[in-house]
Amino acid sequence: MPTCRLCRITCYEQEDWTGDDHPYILVNSRRVWGPRRTDEGQTHEINLDVQFNHRVKLTLMEDDRWEEDDQIGSHIITRGDISEDEKELKFREDDANYSIWVLVSP
């Protein structure tokens, strides 16, 4: 069964105009990481392995206490993404700019 390792996340541009972001990651609609207080230029190590059969959907969200949470983007990972090298996934919706590095192994 393939494994997708979520290595780290970097914030290049926050979604929130005031205060820090609080991003979290969903895998197939289930929260697996976060929310973590995050400022522009900050990187968090994740180091979380997710096993999957054919595909897995990664979604980056930003926690908003006073209104609906914001979706920053999503990516589908498949067996075709298996590699010896990390892959950078970019999340750029809702005026934010984040990257999550993943490593997909057999």
With the first residue restricted to the stretch 85-100 and required to be open to solvent by 10 Å² or more (accessible area, probe 1.4 Å), and the second required to be aromatic (F, W, Y) and at pLDDT 95 or above, Cβ contacts under 6 Å at 6 or more apart or on different chains are E86/W101; E88/W101; N97/Y12
Of T10, T18, which residue is among the β-branched types (V, I, T) and more than 10 Å from the chain's Cα centre (by Cα)? T18
Listed by first then second residue, the pairs whose first member lies in the stretch 29-45 and is within 17 Å of K57 (Cα to Cα) and β-branched (V, I, T), whose partner is modelled with pLDDT of 95 or more and open to solvent by less than 100 Å² (accessible area, probe 1.4 Å), with beta carbons under 8 Å and at least 6 positions apart or on separate chains, are V32/L6; V32/I25; V32/L26; V32/L48; V32/V50
Residue selected from the stretch 62-84 under the condition open to solvent by 70 Å² or more (accessible area, probe 1.4 Å) and either of a type in the set (F, W, Y) or under 14 Å from R5 (Cα atoms) (or both), by the criterion nearest to the chain's Cα centre (by Cα): I76
Is it true that some residue in the stretch 50-61 is farther than 15 Å from R36 by Cα, open to solvent by 10 Å² or more (accessible area, probe 1.4 Å), of a type in the set (V, I, T) and not in a strand (DSSP E or B)? no
Test set (1) within 20 Å of M1 (Cβ to Cβ); (2) open to solvent by less than 90 Å² (accessible area, probe 1.4 Å); (3) of a type outside the set (F, W, Y) - R30 fails condition number: (2)
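Restricting to the stretch 62-106, count the residues that are in a loop (DSSP other than H, G, I, E, B), touching a Pro at 6+ places or on another chain (Cβ under 8 Å) and of a type in the set (D, E).
Let us first name the residues in the stretch 62-106 that are in a loop (DSSP other than H, G, I, E, B), namely 63-69, 82-86, 92-96, 106.
Applying the additional criterion that residues be touching a Pro at 6+ places or on another chain (Cβ under 8 Å) yields 63, 82, 106.
Cutting the leftovers down to of a type in the set (D, E) gives us 63.
Of the residues in the stretch 62-106, 1 are in a loop (DSSP other than H, G, I, E, B), touching a Pro at 6+ places or on another chain (Cβ under 8 Å) and of a type in the set (D, E).
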Quick one: count up the residues across the stretch 1-47 that are out of contact with any helix residue (DSSP H, G or I) (no Cβ under 8 Å at 6 or more places or on another chain), under 19 Å from T78 (Cα atoms) and outside any strand (DSSP E or B). 3
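The values are calculated or read from the model by the stated rules, or taken from the named source; none is laboratory data. Everything quoted here is computed from the prediction, not taken from an experiment. Positions of Cβ are backbone-derived with ideal geometry, glycine not excepted, and every protein chain shown enters the neighbour counts. Side chains are part of the model used for accessible areas, which takes the heavy atoms of the whole protein and leaves out ligands, DNA and RNA. Shrake-Rupley method; radii C 1.70, N 1.55, O 1.52, S 1.80 Å.
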